[in-house]
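Every read-out reported here was derived from the displayed coordinates using simple, explicitly stated rules and does not represent laboratory data. Small disclaimer: the values here were computed from a predicted structure and weren't measured. Note that each Cβ is placed from the backbone with ideal geometry, even for glycine, and that neighbours are counted across all protein chains shown.
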Amino acid sequence: MRSAAFRSALGGWRLLTVAYFVFIFTVLLAPLVVVIGGSFSAPANDTVIVSYIQFPPERLTLQWYARIPASQLHALGVSFVLGLAVALAASLIGVPAALGLVRGRFRGKTLMSIILKAPLQIPHVVCGIAFLQLYYRFGDATNFYLQGTNLGLFLGHLFLATPFVIGSVSTVLLRFNPRLEEAAQALGASPWRTLWRVTLPVIAPGIFTGALYAFIVSFVDVPVAVFLASADTTTFPVELFHALEQDFNPSSLASASLAAGFAVLLVMAAQRLVGMETLLHSK
Amino acid sequence: MDRSESIRWGQLLALPLLVSGLLLLGSQFVFLKQSIYIDLPFGKIASDWSFANFRRIATDPFYLRTLWLTTWISAAVAGVCVILGFPIAKTLARLQSRWATLLLSLIVLTSFITTVIQIFGLLILFRGDGLINQMLMGLGLIQQPFTLIGTSAGVVLGLVYASFGFSVMLMYGIVRTIPVSLEEAAAIHGASRLRVFRKVLLPLCLPGLVVGFLTIFNTSMGAFTSAALLGGGRVITLPVLIQRTMLLDVKYGMAAALAALLLAFVVILNLASVMVLRRLRHAQGVMA
């Protein structure tokens with residue numbers, strides 16, 4: 001009797017939980033589904049009325065994919081290469097920084113930690129304006145203008161992204177079992193060889209996670225790139241942002257779906273390579 | 001161990017500190033300095049410094065109203081994300097099933113997609129003849145189509161979409177650090193689910209939740225996509241105002257001063273919260 005009541009209470013709780021999950025995930029994914037669904041939707045008649053898109057689609061078409069403006073394709077390419085460059089450079093800076101912060105024993109470490117992690121505290125829009133004004137000033141002094149260049153975007157994003165690598169590598173390093181290194185050195189490996197052959201492979205998931213976050217920071221950013229980009233070197237989010245500000249064009253649905261599809265591939269790759277647990281734990 | 005043979009870890013910091021330090025000091029110094037010069041026409045600035053920009057911010061109610069609007073919108077976004085996201089994070093952290101991985105991947109996916117795409121979807125859904133309006137009018141809940149554009153509710157919604165996935169990821173990590181055995185022990189001793197949640201899990205997660213709230217609050221204070229696209233020129237938050245002052249009005253000094261205000265506000269609020277949090281933890285420790 002009591003156990004039946006208990007079970008039905010448990011069942012009620014479970015039902016409530018499932019209902020809540022269905023509600024939240026429907027709401028959360030709805031905009032994405034609409035964008036991707038809309039990108040395959042044919043206009044009601046053959047005269048193309050670009051301001052109108054049918055969702056749910058009545059007829060399927062790939063025509064919007066064929067009509068993605070060259071500027072949007074170019075921006076997708078810029079975002080992709082920029083993200084890779086930022087991920088690589090942020091790792092090259094962030095891994096030694098994390099090693100130094102976690103293992104170094106010296107005065108002034110707190111201050112160094114604050115300097116290295118400061119970008120996390122600065123609102124993104126402030127980063128954007130700060131870098132733009134830095135580039136103006138730097139250009140006035142050296143005649144070498146960085147605003148509107150790929151290098152300028154890269155430095156701005158590197159600034160935002162490096163703390164993420166430092167954070168995730170530090171987390172993994174703090175959980176590192178020092179016996180592994182002691183064993184390697186007892187067997188005659190030099191400290192640098194130990195670092196290269198033992199430490200780095202063990203903390204590799206943390207490095208990968210940090211690099212992935214660095215890529216994403218660059219790949220989704222608007223508030224920094226909107227200041228630093230120009231017509232020629234613009235990232236995809238900024239290009240799409242301007243497209244939405246001006247005119248509604250279904251081809252934007254297609255390019256947005258391409259970016260979303262790429263994000264799906266990234267999540268799958270991350271799940272394969274390090275697993276969700278590491279991805280969420282080493283933040 | 002021979003000292004010459006061991007790695008001096010501190011030295012590894014030299015290059016990272018050089019790069020990060022230069023980028024940090026360079027960018028922050030230049031704009032903070034710019035903020036104390038008043039603007040002349042055509043993007044020129046005055047040669048003598050003064051606090052005129054800040055005086056204007058402090059005396060013109062428009063700027064303070066903007067700061068207040070940005071603050072409450074950001075607080076609302078952080079509150080919604082933490083309250084709606086925590087049950088999701090908690091359940092996923094305790095769920096031992098393949099569903100957990102799939103649902104987590106979907107959460108991660110939403111944070112890997114730029115907010116612009118999500119807002120694109122929202123704009124389509126909430127259009128006058130869009131799905132939401134059709135549904136609500138079909139159900140007879142509303143007579144006239146309504147719009148999100150130009151309302152602060154719309155801006156909040158857009159920002160929640162921008163931060164929700166991230167907030168669940170953050171809180172998932174927090175719940176995972178708390179041993180499930182504590183909840184089991186309370187349940188074995190007869191505590192109901194709700195009581196276990198209220199008396200065991202929630203107090204243990206609370207410091208983490210406060211940090212999560214602050215992180216999302218910070219992000220929202222500096223975000224500008226949602227307000228720019230859904231604000232429709234009527235809901236002007238500080239980031240949008242900064243962008244307009246800089247790029248449309250070409251008033252570099254004023255834009256820098258507004259950015260300095262935003263930076264100082266966020267940093268001071270964070271420092272204050274860290275101090276309160278530390279005191280809270282200390283008090284908890286004394287009680288235990």
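Quick notes
- Close amide H contacts of B:Ile38 (hydrogens built in the peptide plane, cut-off under 5 Å, sequence separation of 5 or more or a different chain): B:Ala46, B:Ser50.
- Net charge of the neighbourhood of B:Thr147, taken over other residues with C-beta under 14 Å away and scored Lys/Arg +1, Asp/Glu -1, is +1.
- Our coupling estimate for the stretch B:145-155, obtained by passing each phi through the Karplus curve with A = 6.51, B = -1.76, C = 1.60 and θ = phi - 60°, is x, 10, 10, 8, 5, x, 10, 5, 4, x, 5 Hz, Gly and Pro reported as x.
- Among residues other than B:Asn270 with Cβ under 13 Å from its Cβ, the summed charge is +2 (Lys and Arg +1, Asp and Glu -1).
- ³J(HN,Hα), Karplus 6.51/-1.76/1.60, whole Hz, each residue of the stretch B:163-171, x for Gly, Pro: 10, 4, x, 4, 5, 5, 4, 4, 6
- Cα-based shape type of the stretch B:174-237, given that a ≥ b ≥ c are square roots of the gyration tensor eigenvalues and the cut on a/c is 1.5: prolate
- Ordering of B:229-235, B:249-255 by packing is B:249-255, B:229-235, highest average first (other Cβ atoms within 10 Å, averaged per residue).
- Sequence of B:Val200, A:Val34, A:Val27 once ranked by neighbouring C-beta atoms within 10 Å, starting from the fewest: A:Val27, B:Val200, A:Val34
- Contact order for the stretch B:24-112, expressed relative to its length and based on alpha carbon pairs under 8 Å spaced 6+ residues apart, stands at 13 percent.
- Under the Debye formula (equal points on every Cα, no solvent term), log10 I(q)/I(0) of chain A at q = 0.07, 0.08, 0.10, 0.15 Å⁻¹: -0.39, -0.50, -0.73, -1.16
- Value of [θ]222 nm, deg cm²/dmol, for chain A, DSSP H segments ≥ 4, -39500 (n - 2.57) each, nearest 500: -24500 deg cm²/dmol
- Net charge over other residues, Cβ less than 15 angstrom from the Cβ of B:Ser105 (K, R count +1; D, E count -1): +1
- Here the residues B:Ser74, B:Ser192, ranked from fewest to most Cβ neighbours within 10 Å of their Cβ, fall in the order B:Ser192, B:Ser74.
- Gyration tensor (alpha-carbon) shape descriptor, chain B, a/c threshold 1.5: oblate
- Note on B:Ser192 and B:Ile45: the extension gain reaches 46.3 nm, defined as 0.36 nm multiplied by sequence separation minus the Cα-Cα distance.
- Look at the stretch A:108-114: the mean tally of other chain Cβ atoms within 10 Å of its residues' Cβ atoms is 2.
- Label sites at B:Thr177 and B:Leu18, each approximated as a point 7 angstrom past Cα along Cα to Cβ, lie 3.4 nm apart.
- Shielding by partners for peptide B:26-38, expressed as the average number of C-beta atoms from other protein chains within 10 Å of each residue's C-beta, is 5.
- For chain B: relative contact order, % (alpha-carbon pairs under 8 angstrom, 6 or more apart): 28
- Kirkwood Rh, Cα atoms: Rg over Rh of the stretch B:123-246: 1.16
- The stretch A:58-193: translational diffusion in µm²/s, Stokes-Einstein, Kirkwood Rh over Cα pairs, 20 °C, 1.002 mPa s: 115
- Rounded FRET efficiency, nearest 0.05, which uses the C-beta distance separating A:Leu187 from A:Ile114 and R0 of 41 Å: 0.60
- Evaluating 6.51 cos²θ - 1.76 cosθ + 1.60 at θ = phi - 60° for every residue in the stretch B:102-116, the Karplus couplings come out as 4, 5, 4, 4, 5, 4, 4, 4, 5, 8, 8, 10, 4, 4, 4 Hz, glycine and proline recorded as x.
- Share of pairwise Cα separations in the stretch A:68-138, more than 21 Å, in percent: 53
- Prolate/oblate/rounded call for the protein assembly as shown, Cα gyration tensor, a/c under 1.5 rounded: rounded
- Helix content alone sets the calculated 222 nm mean residue ellipticity of chain B: runs of n ≥ 4 DSSP H residues at -39500 (n - 2.57) each, divided across all residues, give -23500 deg cm²/dmol.
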